[in-house]
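Questions regarding the structure given below will be posed in turn.
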Amino acid sequence: MPNLTLRTFPDPILRVRAKPVESVSDVERELLAEMARIMYLKEGVGLAATQVGIDRQLIVIDIGTGLIKLINPSILKSEGTEWCDEGCLSVPGTCIKIKRAQKIIIEYLTEKGDVVSRGADGLLARAIQHEIDHLRGILIVDHIANPIKKLLLKKKIRRSRRTP
Ligand code: ZN
């Protein structure tokens, strides 16, 4: 088991598109367990594998209703839109209003390797969409439509990282 640490912007791993898991093994189960440990330690509601330097399609989420582990998740259907402030463990100290689908249906693999689909709405749907973004190399800062605002924010985050 590699020693996983939380990566923060602008670490290049956060821009990598994670690869799908071909068959679920103990390696993935151990990674998911370690990711859950880090998510709880950092008091996040979700964590994607790229955030700990692993380019595989693994996600853990707990919005306070129990731990959910998703392997190779994809959104089959989405409905409605909702704006809400979002933060990210990998972009500390930043909060951005982001438009997401209100309801989604996803398909994923369980830890046992079964293909499952389920629905989610509200905060859970938001958390899942946020983490799936991570697996595609997308961060909350990318959701800012105004290019000047986006540039200024990225500069500000980089600056705040240099001066502890
Ligand atoms: Zn995030």
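For segment 1-26, give me each residue that is of a type in the set (Val, Ile, Thr) and over 16 Å from ALA48 (Cα atoms). Reasoning before the result, please.
Taking segment 1-26 first, the residues of a type in the set (Val, Ile, Thr) are 5, 8, 13, 16, 21, 24.
VAL24 - this is the single residue of segment 1-26 that is of a type in the set (Val, Ile, Thr) and over 16 Å from ALA48 (Cα atoms).
Quick one: which of GLY53, GLY44 is surrounded by 13 or more Cβ atoms within 10 Å (Cβ to Cβ), within 21 Å of ARG161 (Cβ to Cβ), without any contact (Cβ under 8 Å) to a residue 60 or more places away in the chain and in contact with a helix residue (DSSP H, G or I) (Cβ under 7 Å, 6 or more places away or on another chain)?
Details: GLY44 fails: in contact with a helix residue (DSSP H, G or I) (Cβ under 7 Å, 6 or more places away or on another chain).
Every option except GLY53 fails the conditions.
While we're on this one: Restricting to segment 9-24, name every residue that is over 19 Å from ILE140 (Cβ atoms) and in contact with a Ser or Thr (Cβ under 9 Å, 6 or more places away or on another chain).
Step one: list which residues in segment 9-24 are over 19 Å from ILE140 (Cβ atoms), which gives 19-24.
Within segment 9-24, VAL24 is the sole residue that qualifies.
This table checks each residue for (1) charged (D, E, K, R); (2) closer than 30 Å to ASN146 by Cα; (3) in a strand (DSSP E or B).
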residue	(1), (2), (3)
SER23	no, no, no
ILE54	no, no, no
GLY66	no, no, no
ASN72	no, no, yes
ILE98	no, yes, yes
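Does segment 74-95 include one or more residues that are within 16 Å of the ligand (Cβ to nearest atom), of a type outside the set (Asp, Glu), open to solvent by less than 50 Å² (accessible area, probe 1.4 Å) and not in a loop (DSSP other than H, G, I, E, B)?
To start, the set of residues in segment 74-95 that are within 16 Å of the ligand (Cβ to nearest atom) comprises 84-95.
In the following step, the residues that additionally are of a type outside the set (Asp, Glu) were identified as 84, 87-95.
Filter once more, so that each one left must be open to solvent by less than 50 Å² (accessible area, probe 1.4 Å): 87-91, 94.
So of that shortlist, the ones also not in a loop (DSSP other than H, G, I, E, B) come out as none.
No, segment 74-95 has no match at all.
Can you tell me which residues in segment 130-152 are within 15 Å of the ligand (Cβ to nearest atom), assigned to a helix (DSSP H, G or I) and either open to solvent by 20 Å² or more (accessible area, probe 1.4 Å) or of a type in the set (A, V, I, L, M) (or both)?
ILE132, LEU135, ILE140, VAL141, ASP142, HIS143
Conditions (1) at pLDDT below 95; (2) touching a helix residue (DSSP H, G or I) at 6+ places or on another chain (Cβ under 6 Å), marked per residue:
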position: THR81; (1), (2): no, no
position: SER90; (1), (2): no, yes
position: LYS99; (1), (2): no, no
position: GLY119; (1), (2): no, no
position: ILE144; (1), (2): yes, yes
position: ARG162; (1), (2): yes, no
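Could you say whether any residue in segment 17-24 is surrounded by 15 or more Cβ atoms within 10 Å (Cβ to Cβ), within 28 Å of GLY93 (Cα to Cα) and touching a Leu at 6+ places or on another chain (Cβ under 8 Å)? Walk me through how you get there before you give the answer.
First, pick out the residues of segment 17-24 that are surrounded by 15 or more Cβ atoms within 10 Å (Cβ to Cβ): 18, 21, 24.
Filter once more, keeping what is within 28 Å of GLY93 (Cα to Cα): 18.
The next check asks that each one be touching a Leu at 6+ places or on another chain (Cβ under 8 Å); those that pass are 18.
Yes, some residue in segment 17-24 is surrounded by 15 or more Cβ atoms within 10 Å (Cβ to Cβ), within 28 Å of GLY93 (Cα to Cα) and touching a Leu at 6+ places or on another chain (Cβ under 8 Å).
Within segment 25-52, work out how many residues are closer than 21 Å to VAL141 by Cα and assigned to a loop (DSSP other than H, G, I, E, B).
Taking segment 25-52 as the starting set, the residues that turn out to be closer than 21 Å to VAL141 by Cα are 39, 42-52.
From what's left, assigned to a loop (DSSP other than H, G, I, E, B): 42-45.
Here the count works out to 4.
The values are calculated or read from the model by the stated rules, or taken from the named source; none is laboratory data. From a predicted model like this one, the values you see are computed outputs, not experimental measurements. Quick reminder, even Gly has a Cβ in these numbers, built from the backbone with ideal geometry, and neighbours come from all protein chains shown. Please note that ligands, DNA and RNA were not included when accessible areas were found on the heavy atoms of the full protein model with its side chains. Shrake-Rupley method; radii C 1.70, N 1.55, O 1.52, S 1.80 Å.
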